[in-house]
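Here's the structure we're looking at; comments come further down.
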Amino acid sequence: MHAPSVFDAFRATKPGCKVLPDGAFNCEPELARLDAPLTPLDAFFVRNNGDVPVDADPKDWTLDVDGVVDEPARFTLDDLRTRFEAVSVTAVLECAGNNRRAFDPPTDGLPWGRGAVGCARWTGVRLADVLRCCGLRREALYIGHHPPDRAVDGRGPALSRGLPLAKALAPDTLVAFSMNDAPLGRLHGAPLRIVAPGFPGSAWQKWLSRIEVRDRLHDGVKMNGTDYRLPRRGYEPGEPLDPADFDVIESMPVNAMITTPVDAVHVRAGDRVVVAGYAWSGRAPVTGVEILLDGSTPLVAEMESAAERWGWRRFRAEIVVPDGDRVAVTARASDATGERQPLGTAPWNPRGYCNNTAHEITLSIAR
Ligand SMILES: Nc1nc2c(c(=O)[nH]1)N[C@H]1C(S)=C(S)[C@@H](COP(=O)(O)O)O[C@H]1N2
Ligand SMILES: [Mo]
């Protein structure tokens, strides 16, 4: 695993981010740092299941495509850039474990707060163009990503997930080489990563070096059992898990966060306070956000127009601070499937995924 000095070097590139206690380098920002249409790179969360491959010389990097294709191929970065059209997509990247910390009782997995999410403008080539150029066979059904990063114990790949073919061929699914118009950083998968808007972050393979086209679901590391899967039925804490009850997560649910003001800020009764943040959904466009004061008197927030399907949407509302010692302010988004964020606590699931409970902050009221 990495020496402490390597961890320190990673940390130095992410000022204001909190490093999670883990053998791999994982960090998330304070929510106030997410108060921007595109998340600055130094505030973008990092999720590693294992080590971070050494900085490879991009000139030597190659991407192999094999499996059920007529012509397996190896692409250099130059091949990708010269043979395929470059496209940009603004999209939210969210870890399936975002806000896992809010589950009660706690589950296995990293105890993320609400910061395991960011929105960036990703540039690369369409994965569909790359795959089609290799001649997809009729039996192609799924792709598997085979990465070079190793598990913390040094044994085996850290993570090897994939995508159903329909998502791999969707026009907004990319093999990306840049993030916010800068080259992908080392921590974010340079020189190549998958961008799979709406899917959980675990499908956005970093340091992409090999794609296997398969005639069945991928079975790589953390693709099986209950990993990145939700049960089809309710599970009680402590109940033995039957993997047959679990389906792969293929979209992140509607979610929103208040990025201003910050939790526990002091205000005065009668003050007008702007409550603002971002809402997104991996399932359907966001339709609106309502703001609740102490759980009632919903106010409809103003929404910035949704220029980008996969980006996040700014919401804003002005509240008048009531009398009292404190007031709870909740933002609750809905999307075009009719789904609304749960209030209070999200339904518990054994691995702690997809916690999209409505975000509540508390304002302290000065007299
Ligand atoms: N090769 C590789 N790709 C990976 C991972 C990993 O551990 N190894 N983690 C995944 C997970 S779980 C998430 S949430 C995203 C996080 O992307 P980021 O670190 O750029 O924010 O990367 C995904 N891609
Ligand atoms: Mo993740």
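The values are calculated or read from the model by the stated rules, or taken from the named source; none is laboratory data. What you see is a predicted model; the values in this text were computed from it and never measured. Positions of Cβ are backbone-derived with ideal geometry, glycine not excepted, and every protein chain shown enters the neighbour counts.
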Quick check on the stretch 311-367: of everything there that is outside any strand (DSSP E or B) and among the aromatic types (Phe, Trp, Tyr), which residue is nearest to residue 111 (Cα to Cα)? 353
Quick one: is residue 280 crowded, with 22+ Cβ neighbours inside 10 Å, under 17 Å from the mean Cα position of the chain (by Cα) and within 25 Å of residue 107 (Cβ to Cβ)? yes
Looking at the stretch 51-66, which of its residues are buried (at least 19 other Cβ atoms within 10 Å of the Cβ) and at pLDDT 95 or above? 63, 65
Pairs please, first residue from the stretch 87-101 and without any contact (Cβ under 8 Å) to a residue 60 or more places away in the chain, second anywhere and within 15 Å of ligand 1 (Cβ to nearest atom) and among the acidic types (Asp, Glu), Cβ atoms under 8 Å, 6+ apart in sequence or on different chains. none
Residue 90 versus (1) crowded, with 19+ Cβ neighbours inside 10 Å; (2) away from ligand 1 (no atom under 16 Å from the Cβ): which is the lone unmet condition? (2)
Of everything in the stretch 15-32, what is assigned to a loop (DSSP other than H, G, I, E, B), over 17 Å from residue 52 (Cβ atoms) and touching a residue at least 24 places away in the same chain (Cβ under 8 Å)? Give them in sequence order. 15, 16, 30
Determine whether the stretch 195-202 contains at least one residue that is touching a Phe, Trp or Tyr at 6+ places or on another chain (Cβ under 6 Å), in a strand (DSSP E or B), within 15 Å of ligand 2 (Cβ to nearest atom) and farther than 17 Å from residue 53 by Cβ. yes
Test set (1) more than 28 Å from residue 155 (Cα to Cα); (2) within 15 Å of ligand 1 (Cβ to nearest atom) - residue 45 fails condition number: (1)
Please work out which one of (1) assigned to a strand (DSSP E or B); (2) out of contact with any helix residue (DSSP H, G or I) (no Cβ under 8 Å at 6 or more places or on another chain) is the condition residue 132 fails and give its number. (1)
